[in-house]
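These notes are about the structure you will find just below.
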Amino acid sequence: MPITVVGSVAFDTVETPAGRRERCLAGAATYFSLAASFFSPVRVIAVVGEDFGPTEESVFAARNVDIRGIERAPGKSFFWQGSYLDNLNEAKTLQTDLNVFAGFEPKIPAAYADSDFLFLANIDPVLQRRVREATPQAKLVAGDTMNYWINDHKPALLEVLKGLDILLINDTETRMLAGNNNLVQAARAVMAMGPRMLVVKHGEYGATLFYGSTSTTHRTECFKTPAFPLEQVTDPTGAGDSFAGGFFGYLASQKDLDFATFRRAMFYGSVMGSFTVERFGTDRLQALTRDEIEARFNQFRELTHLD
Ligand code: AMP
């Protein structure tokens with residue numbers, strides 16, 4: 001089943017203990033769509049500037065990602081600069097230039113109308129909501145956000161959360177959004193804001209899927225996946241979006257969305273996140289094969305199997 005994703009398509013400058021990369025193709029929707037494309041067809045909605053040329057286009061084309069919904073506008077693409085020198089698990093934002101995203105009016109191409117799966121990747125919640133409203137046919141809607149939108153744009157974000165089935169955020173963001181430091185209580189509070197499932201990412205410690213909390217039972221169930229133990233993490237940027245791409249891409253490729261499918265999706269999410277961080281930017285995703293994905297999925301099985 002095809003997935004439509006809206007989110008940032010950007011250029012990033014990052015510094016990590018492994019080195020520095022200037023203006024590499026990045027953005028939440030970019031990482032998400034490349035990762036998800038190994039499992040399902042992906043269609044992107046975004047806006048880019050005049051600095052987005054044939055080289056960048058070819059990265060999407062090589063993975064058959066549909067970019068007819070990426071609008072070209074006069075000016076520069078979204079730019080983000082971050083540093084992981086202090087903490088490899090959490091980026092310190094040094095600069096964010098919205099550029100062409102500042103005046104973006106998302107338009108959904110007619111060819112995207114049959115997407116049953118919608119992913120609202122990290123971007124202004126006002127844009128996420130517009131895309132949600134313009135895609136009423138979507139049957140499963142997931143989304144992501146970040147500290148910036150939680151802190152400074154909370155009312156708009158709360159509107160987006162009402163329309164989500166699944167929210168994927170990291171543990172700091174979960175605590176921040178709920179205003180509660182206990183992760184289980186925070187997860188329950190976030191699910192009460194709309195999403196019936198919450199995936200909390202813990203960086204190098206894996207991820208937890210929370211579900212099943214209802215106002216009558218007050219029981220919160222969870223399922224955990226580890227992160228793959230890597231000897232070298234080169235650039236953590238995009239790990240969360242690649243996790244989301246593996247997770248949601250796998251779900252969209254399956255007929256039955258039962259709980260066993262969600263558990264496997266958590267593992268595919270971890271697999272895709274672990275590949276992304278091995279190299280700078282999208283380099284590792286561009287060189288990846290489906291066989292490598294399956295091999296690492298099986299390593300995950302061994303890593304977590306008890307009997
Ligand atoms: P993550 O998976 O959380 O590491 O996401 C990294 C990507 O998010 C980077 O490639 C950035 O271009 C993008 N990004 C950073 N800040 C923002 C923002 N405020 N809105 C949308 N995208 C962002």
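The values are calculated or read from the model by the stated rules, or taken from the named source; none is laboratory data. This is a predicted model, so every value here is computed, not measured. For the accessible areas, the whole protein counts, side chains as well, though only heavy atoms, and no ligand, DNA or RNA atoms are used. Shrake-Rupley method; radii C 1.70, N 1.55, O 1.52, S 1.80 Å.
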Listed residues Met266, Met176 arranged by accessible area, highest first, probe 1.4 Å: Met176, Met266
With all protein chains modelled, accessible area of Ile150 [1.4 Å, Å²]: 10
Percent antiparallel among DSSP beta bridges (both partners in region 134-268, rounded to 5): 55
Candidates Gly206, Gly246, Gly281: whichever shows maximal mean-square fluctuation once the chain is modelled as a Gaussian network with Cα springs under 10 Å: Gly206
Pairs of lysine residues in the chain - Cα separation under 30 Å, sequence separation of 8 or more or cross-chain: 25
Per-residue ³J(HN,Hα) for region 89-104, Karplus 6.51 cos²θ - 1.76 cosθ + 1.60, θ = phi - 60°, Hz, x for Gly and Pro: 8, 9, 6, 9, 6, 9, 7, 10, 10, 5, 6, 5, 5, 4, x, 6
The chain, accessible surface, carbon-and-sulfur percent (1.4 angstrom probe): 50
Largest to smallest accessible area among Met193, Met1, Met272 [probe 1.4 Å]: Met1, Met193, Met272
Residue with peak Gaussian network fluctuation, the chain [Cα springs, cutoff 10 Å], from Ala111, Ala121, Ala244: Ala111
Cα centroid separation, region 235-307 to region 61-94 (Å): 20
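Nearest 5 is fine: what % of DSSP beta bridges in region 76-174 come out antiparallel, could you say?
Working: 5 of 12 bridges.
Around 40 percent antiparallel, to the nearest 5.
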DSSP-defined beta bridges in the chain - what % are antiparallel, rounded to 5: 40
Cut-off under 5 Å, modelled amide H: who pairs with Ile45 long-range: Val5, Val6, Gly7
Surface accessible to a 1.4 Å probe, per residue, for the residues of region 3-304, Å²: 42
